[in-house]
Every structure is written in C-alpha cells, then in structure tokens.
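The values are calculated or read from the model by the stated rules, or taken from the named source; none is laboratory data. Because the structure is predicted, anything quoted here is derived from the model rather than measured. Don't worry about glycine lacking a Cβ; one is built from the backbone with ideal geometry, like all the others, and counts go over all protein chains shown. Ligands, DNA and RNA are stripped out before the accessible areas are found, and what is left, the full protein with its side chains, is counted by its heavy atoms. Shrake-Rupley method; radii C 1.70, N 1.55, O 1.52, S 1.80 Å.
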Amino acid sequence: MSRRRRFVVLFALAALLAGVFVATAAALRFDDASCKDGDTCHPPDGLVGASYQHKLGGDGGNGPPYTFLINGGSLPPGLSLNASSGLITGTPTAAGTYHFEAGLQDNPEPTSFWCVTRGSCASQPFTIKVHPGLQITTNSLPPGATIGTPYSVQLDAQIVTNLNPLAGSPASGATWSVVSGVGTGLPPGLTMANGLISGTPTAEGSFDFRIQATLNGASHFQTYSLTVRQPLVVSAAKPFATTPAPTLWEVGVPFSSKLTPSGGNGTYTFAIGSGSLPTGVTLGPDGTVSGTPRAAGAYSATLRLADGEGRTLDYAANFGIAARLKVGTLLLKPGKVGKLYRSKLAATGGIAPRKWKVTVGPLPKGIRLDRTTGVLSGTPTKEGRYRVTFQVTDGLKVVASKRLRIDVLP
C-alpha cells in the first residue's frame, strides 16, 4: 500500500472514531453556580480589601480534570485564577465592574486540532462587581499610656475604592466595637466610643485587643497593642532644695547634683524646657546639673525629662545665687573704759547661717563676740588700740576675714 493510501485510510479511521466520541460524550461546558441566568455568569460581588473566593465549575467532555484559563478581559485587580482547581481567590484592590472571558478545556495540553475535532473547549463571559470596602487607617496606637494620666486617640476609617494607592473618603457614621474574646481587652480605665479610645489607665501592663469598624455591610478589623507604664518620677539629690523652693548657692562655689528618673520606659534624657540655669551651670543629658556660678541673681529653669516612649515630666529648678561672702564692716566705733560698748560686724553675700570668730586678737578686756550675730558688746576695762582679725563662715563653708581696729579711750 502506498504512503498516500495509508494516510487516507488513517485519516478516515480518525474521523470515524471522532464521530463516535462526539456521539457518546456530553459537550464540554461551564457548570458554575453563577451561570444560571442569561449568557453571562455573575459570580458573587467582592469588596475592596476583603478576602474573595469563588470556584468555577466544569462538566462534560473528557474531564475532569479540567483546565481553566482567562481568554480575554481581566479579573478584578488582586484576584487570580487557579488553572487546575478553577478557584478565583485573592483580595480585590480596586472597585469597579470587571468583564472577562473564561476558557475551559479537558486536555492538559490543549491544541487547536483537539478543540476542533473533539469539541473539548468551552468559553463563557463572566462579570464580577467589586464594591468599595472599609478600612481602618490607624495602623498603630501612640505609645506613652501612663497610670493616672489621661490617654486619648481617635481611630480613623475610610470607604476605600482603591488600595494601591489608598484612595477613598472618610467613613462617616461607621459603627465601632471592641471584638470580645480577642486578646486581653482594653487597658483598665480606657473605653471606646465612636472610634475614640480614651480614659485614664489604672493598671500597668501590656494589652492586646481587636477593634472593628462596620459600615453599609462592609467591615474591617485591626489588632492593636498598648503598654501602660508607671508615671515618670524625678528625685533630686542634695544640695538641690525641695522644689519649688530655690536652691541657695554662691558665686564661685562649685555646684553638682543629679536628677534621678524612674517610671516610664526606655532611655531617659534631660533637656532645658524653658528658662535658664545660673551662669556657669549646665545640665547634662543624664540629669547631672553642675558648674560654678559666675553671677549672683535669681534663676528659674524647667528641666524636662523624656523617656523612650514619649512621656515627659518637668522639674522646676529654681536657684538663688548669692554674691561671694565678704566682711562688709569698714570701721568699728571706739569704746570708752567703764562705758557699755556695742558694735555689730556685717557680712555681705554668702549663705546663711553665718558664724563669726576671732582668729587674731585679742579683743579688749570686757568685750565679747556673739558668734551667731556678730555683735561685739560689753564694758571695756582697759584703754588701748586693739587690732583684731575677724572671720566669718557661711552655710557653704565659705570663709572671709578682715582685720579691724577697736580703740578704747580712757
């Protein structure tokens, strides 16, 4: 038999077998729950930002298994079709009405010859509507929740028409709720109404909770974490005075003290919030206040403590800087034998209390020095000229002295 004759015989046999197949096998078609009415299939509508799933079905032909594909048009952005299972899954990212042509084949490796001769291809138009969704746009809560300190944050939500980029309008009228049974719940002392979380925390700890917003049948939830800490506290070591009383100090005397923080969380830092420290005195970031005052006067500064979560506390640092201690008396009045004598030594600058004493003397007989007041008093008993060195010491142990003369007349 010639090659041409064998080809004709084989082609006729194939045509005969194909005719038998078509006569005995049902035509391939989409058997989808969304294809009951009309020529176009309408799977369930979707929502922007909400998980979506719909399964395409097939029937007839030589399947299953079937192969599903998109012949034209496009699925809604964010959705994809699994060729083996027929599952359309994903999260729609843009609102709109989307038309596409779905193909169905019962041959894992389809060819045009197979489709033509076997009738093993089917095509069907589909339409999926994606409606605007709802999305809570507040992704996290500000830290800094503190026992005994009011805390407030307004959660925001949008009616979303597009996720990439995010586009939409405020979700006015949304219903907000705390999802029960998820996490530990809101921190004690806080409540939520209309998306506003507010109140005064009463307990320390870490709290996880889920908030849900609902509007026009769409809903979205967000899980949050909020940690409540103890309030910030500052303790000041001596020689700081108890605030708000001023710390009394003196020009030329080195000053050093440290503010010690507690409570809050994270790294503590100090900075001057307002006012100024005495000239020559500085504040370190660790709370150390040190230096040597160079000018007398009253100084007031707000030293602001901050922790790693944004809490702040102001400490009022008030200073009264006195001039350097000096003996201010220039001359002592003369006395007279047998007559009552009284004169007072004067000091300028320095910090109380002041104490006086004679370092080089002696005083005239009959006269004594009150060490607390600096008053010289008594009845001289012997005339003469007396040169005496007086010394005064103040509350900061600063010493000043001066040599003065007391004349006792006959």
Worksheet, complete the sentence: Per the list (1) farther than 30 Å from residue 268 by Cα; (2) assigned to a strand (DSSP E or B), residue check on residue 333 breaks on (2)
Item to complete: List the number of the failed condition for residue 332; all other conditions in (1) open to solvent by 70 Å² or more (accessible area, probe 1.4 Å); (2) closer than 29 Å to residue 252 by Cβ hold.
Response: (1)
Worksheet item: Given the conditions (1) at pLDDT 95 or above; (2) within 30 Å of residue 49 (Cβ to Cβ), which single one is not true for residue 269?
Response: (2)
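Every residue, every condition in (1) under 28 Å from the mean Cα position of the chain (by Cα); (2) open to solvent by 70 Å² or more (accessible area, probe 1.4 Å), yes or no:
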{"site": "125", "(1), (2)": "no, no"}
{"site": "128", "(1), (2)": "no, no"}
{"site": "135", "(1), (2)": "yes, no"}
{"site": "141", "(1), (2)": "yes, no"}
{"site": "154", "(1), (2)": "yes, yes"}
{"site": "168", "(1), (2)": "yes, no"}
{"site": "172", "(1), (2)": "yes, yes"}
Practice prompt. Have a look at 300, 225 and point out the one that is surrounded by fewer than 16 Cβ atoms within 10 Å (Cβ to Cβ) and more than 30 Å from residue 183 (Cβ to Cβ).
Written response: 300
Item to complete: Take residue 212 and decide whether it is within 30 Å of residue 181 (Cβ to Cβ), among the polar types (S, T, N, Q) and surrounded by 16 or more Cβ atoms within 10 Å (Cβ to Cβ).
Response: yes
Item to complete: Tell me which residues, restricted to the range 50-73, are closer than 23 Å to residue 168 by Cα and either assigned to a loop (DSSP other than H, G, I, E, B) or in contact with a helix residue (DSSP H, G or I) (Cβ under 8 Å, 6 or more places away or on another chain) (or both).
Response: 50, 51
Worksheet item: Are any of the residues in the range 284-294 modelled with pLDDT of 95 or more, over 28 Å from the mean Cα position of the chain (by Cα) and of a type in the set (Gly, Ala, Ser)?
Response: yes
Discussion item. For the range 336-344, check the following and say yes or no: at least one residue is open to solvent by 50 Å² or more (accessible area, probe 1.4 Å), modelled with pLDDT of 95 or more and under 30 Å from residue 259 (Cα atoms).
Written reply: no
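Quick check on the range 359-377: of everything there that is closer than 25 Å to residue 251 by Cα and not charged (D, E, K, R), which residue is farthest from the chain's Cα centre (by Cα)?
359
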Worksheet item: Is it true that some residue in the range 234-248 is over 30 Å from residue 348 (Cβ atoms) and in a strand (DSSP E or B)?
Response: yes
Discussion item. It is to be established whether one or more residues within the range 378-401 are in contact (Cβ under 8 Å) with a residue 40 or more places away in the chain, at positive phi, under 57 Å from the mean Cα position of the chain (by Cα) and open to solvent by 20 Å² or more (accessible area, probe 1.4 Å).
Written reply: no
Worksheet item: Out of the range 279-322, which residues are among the hydroxyl-bearing types (Ser, Thr, Tyr), farther than 12 Å from residue 247 by Cα, in a strand (DSSP E or B) and free of Cβ contacts under 8 Å to residues at least 40 places away in the same chain?
Response: 282, 288, 290, 302
Worksheet entry | Filter result for the condition that a residue is more than 30 Å from residue 171 (Cα to Cα) and touching a Gly at 6+ places or on another chain (Cβ under 6 Å), over 287, 291 | 291
Worksheet item: Does any residue of the range 264-278 turn out to be under 30 Å from residue 401 (Cα atoms), in a strand (DSSP E or B) and open to solvent by less than 60 Å² (accessible area, probe 1.4 Å)?
Response: no
Discussion item. Can you tell me how many residues within the range 143-152 are more than 15 Å from the chain's Cα centre (by Cα) and at positive phi?
Written reply: 1
Practice prompt. Kindly indicate whether residue 180 is exposed (fewer than 12 other Cβ atoms within 10 Å of the Cβ) and without any contact (Cβ under 8 Å) to a residue 24 or more places away in the chain.
Written response: yes
Discussion item. When the residues of the range 345-361 are narrowed to those that are open to solvent by less than 50 Å² (accessible area, probe 1.4 Å), among the hydrophobic types (A, V, I, L, M, F, W, C) and assigned to a loop (DSSP other than H, G, I, E, B), which ends up nearest to residue 294 (Cα to Cα)?
Written reply: 351
Worksheet, complete the sentence: Output for Cβ contacts, cut-off 8 Å, separation at least six or different chains, first residue over 19 Å from residue 124 (Cα atoms) in the range 77-90, second surrounded by 18 or more Cβ atoms within 10 Å (Cβ to Cβ) and at pLDDT below 95, reads 78/163
Worksheet entry | Index of the failed condition, residue 189 passing every other in (1) open to solvent by less than 60 Å² (accessible area, probe 1.4 Å); (2) over 16 Å from residue 131 (Cα atoms); (3) touching a residue at least 40 places away in the same chain (Cβ under 8 Å) | (3)
